[in-house]
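Beneath this line is the structure, given in structure tokens, with notes to follow.
Derivation of every value follows stated rules applied to the coordinates shown; laboratory data play no part. These figures come from a predicted structure and were not determined experimentally. Please note: Cβ atoms are built from the backbone with ideal geometry, for glycine as well, and neighbour counts cover all protein chains shown.
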Amino acid sequence: MKLLLRIANYIKPYWIYILLGSVSMLFFALTNSAMVYIIAPVIRFLFYPAQVSKEIGVSMDHIQAGTFFDRLKTLLRASYDKYLFSANPLEILARFCLILLALMLIKNLCFWLQAFFSSYALESIIRDIRLDLYRHLQSLSMSFFNRHRTGELISRIINDTGVMNEMISLSFSNFIRDPILILVYFVFLLVLNWKLTLIILIGLPPVVFGMDRLGKHLRRYSKKCQERMADLYTHLQESLAGIKITKVFGAKETEISRFKKHLQSFFKINLKRIWVQKLSTPFNELVGTAIAVFILWYGGREVLLDKTIRPEEFIQYIFALFMIMQPLKALSNDYTSVMQGLAAAERIFSLMDTKPDISSQVGARKAEHLREKIVFENVSFAYGAENESAIEGVSFELRKGEHIAIVGPSGGGKTTIIDLMLRLYDPQEGAIYLDGTDIREFELWSYRSLFGVVTQDVILFYDTVKGNIAYGKPDATMDEIIESAKIANAHKFIMALPLGYDTIIGERGITLSGGERQRIAIARAILKNPEIIIFDEATSSLDTESERLIQEAIERLIKNRTVVTVAHRLSTVKEAHRILVIDKGRIVEEGNHESLMRTDGLYRLLYSIQFKC
Ligand SMILES: Nc1ncnc2c1ncn2[C@@H]1O[C@H](COP(=O)(O)OP(=O)(O)OP(=O)(O)O)[C@@H](O)[C@H]1O
Ligand SMILES: [Mg+2]
């Protein structure tokens, strides 16, 4: 129920379109009924022309007699007869054809209008849900993305909303349409013959019971189906992103068999889902036919034996009965798709309900500048409860204008320290302060905007070079972009690209070399002109020319700024004011190059190995 209310919230803004759609549908049903209705008198006229002419005028007198439905019926009949039969036979035929054409026109117009309004509402709703879901994803913290596979998230945004879309589109237009149709046809049947019509109600309990059982199974299978679909998405996303490794390692067959396994398990559960879903039609048709046969038998007896029903009225009634069968059958189909849609909605909303671990507190302050220093005080952090601490009891200061280098063996916790400083994660113990205020008390975006970051693995987006450089400052002018590219030693190679700054660099910047990508990332950080620069150097080694170009770029980047570098390059380390040596999550040594070289510790060891000196 809560789920339906939440879906209703998305539907609410478009209620006017839904109302217009419903009204169109109502008219559709009315004209459709009218078409069946007008046939009977004509049949009667064709068979007994003399009698019909006699009856006109007489029937008007009967209007006061009988139940409400009887009176409505007589009134309708009398007005119609009066219009149609107060002329010669040829004229009658012409009038009848005219009415038929007019009704047909209105009916089809209403049908299209209904589709027009409801599809507008529907597509808007799905667009809104997708956007909200994506917006929510963007607000979630890094730890969430560490826990969830990309493919699964893509599957939620595309596949689950797609399934929900189907539910809303199918059931939603039909859910309005079919009940209206059923109601109108039901009233019509009541008008034609209320006694026969009440028999239909006998079928209600078995149908409701059967559909309820079916629906529950369907919802369960549908949920499993979407989970398997998410596995498929994940596999595809990961294997296509890693296609190069698969090729190099000749792991084609392994990948294919893994994909086959996922496909097979999706195939099995999906089949079950379809089989259960397809049960609904035959089940309902059986019950429906049983009732119709009963009505045929009972009504037929009335016609033949008791003569309480006129033959043409009975034909009219059977026609109308067929008409109501259609939406009744559709309604049961709608029900099955709603059940599946609800399973998808559950998954969608559970994602929307995930709270970000890291967000701005209510009434958080704006961080404007680094005035004095950033302080790490006894900071410990582990990725997830089951993991060992990635860093433990780390304390240090970064003063304004200072350049700190972090060095140490791989996996020591260098990137983790950087991520904590950027508040991508919050420490489990200890705290980080900006000018004496815990960074958790600042508005997240304002705090992060103090930093410019070059990450360890450079991420470039599928966009132009220009767009990638201006990523952190979308309103930058072309001159500013070129200027930063020049400082980052990137201008020359960018100009050599086919379209210069307008060249699209592929997914993750595939067409560029590692060194070139890094220089674009540096230009990106320079353009943002932040107060604090964080530079996590890539571990991959570069040729001497690239090395020199990047070195120059780094030197310009860090000049006169507050800087933290995770350093692998000799000169970057040497020139730092202070060096933190990190090993197994702890700061094991601290000092400048000279002082650290004097002590016979890890730094000297690393230095002699890593910097080949
Ligand atoms: N997202 C993550 N989830 C779980 N564990 C992680 C995650 N990222 C890093 N770790 C673990 O935390 C520890 C520190 O990793 P970190 O990336 O900070 O090392 P590093 O010093 O930057 O290494 P490198 O020099 O290779 O970049 C490692 O043991 C690593 O396996
Ligand atoms: Mg690292």
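Annotations
- Segment Gln326-Lys559, extension gain: residue separation times 0.36 nm, minus the distance between their alpha carbons: 76.2 nm
- Separation of alpha-carbon centers, the stretch 147-216 and the stretch 518-534, rounded to whole Å: 56
- In the stretch 2-352, taking the dipole from charged Cβ atoms about the Cα centre, the farthest positive-side position among Phe85, Met25, Leu3 is held by Leu3.
- The relative contact order of the chain comes to 14 percent, based on Cα pairs under 8 Å that sit 6 or more residues apart.
- Once you reduce the stretch 359-395 and the stretch 456-472 to the center of their Cα atoms, the two points are 27 Å from each other.
- Cβ-derived FRET efficiency at R0 45 Å, Asp438 paired with Leu4, nearest 0.05: 0.60
- Long-range HN-HN contacts of Ala390 with modeled amide H, under 5 Å: Phe381, Ala382, Tyr383
- Trypsin sites (Lys or Arg not before Pro) restricted to the stretch 385-480 and DSSP loop, no more than 16 other C-beta within 10 Å: Lys400
- Legend: residue pairs Lys252/Lys466; Lys373/Lys414; Lys107/Lys329; Lys473/Lys584, Cα-Cα distance threshold 27 Å; pairs beyond threshold, Lys252/Lys466; Lys473/Lys584.
- With the simple model of a label 7 Å out from the Cα in the direction of the Cβ, Asp357 to Ala50 spans 9.5 nm.
- Stretchable slack from Lys400 to Glu480, in nm (0.36 nm times residue separation minus alpha-carbon distance): 26.3 nm
- Between Arg258 and Ser86, the FRET efficiency from the beta-carbon distance, with R0 = 51 Å, is close to 0.05.
- Residue (of Gly412, Ser337, Ile504) at the positive-pole extreme of the chain, dipole from beta-carbon charges: Ser337
- Model label zone, Leu296; criterion: amide N under 16 Å from point 7 Å along Cα-to-beta-carbon; scope the stretch 323-361: 323-326
- Take the Cα of Ser350, go 7 Å toward its beta carbon, and the backbone nitrogen atoms of the stretch 212-256 under 11 Å from that spot belong to 223-224, 227.
- Cα-projected label distance for Lys195 with Arg371, points at 7 Å along beta-carbon direction, nm: 9.4
- Residue-span extension gain [Phe461 to Glu594] - 0.36 nm each, minus C-alpha spacing: 43.8 nm
- When only the Cβ of Lys, Arg, Asp and Glu is charged (+1, +1, -1, -1), the dipole of the chain relative to its Cα centre reaches about 1740 debye.
- Ser446/Asp128 FRET efficiency (R0 35 Å; Cβ-Cβ; nearest 0.05): 0.75
- Of the DSSP H helices in the chain, those whose Cα atoms cover at least 15 Å axially and whose Kyte score averages 1.0 or more: 15-47, 173-200
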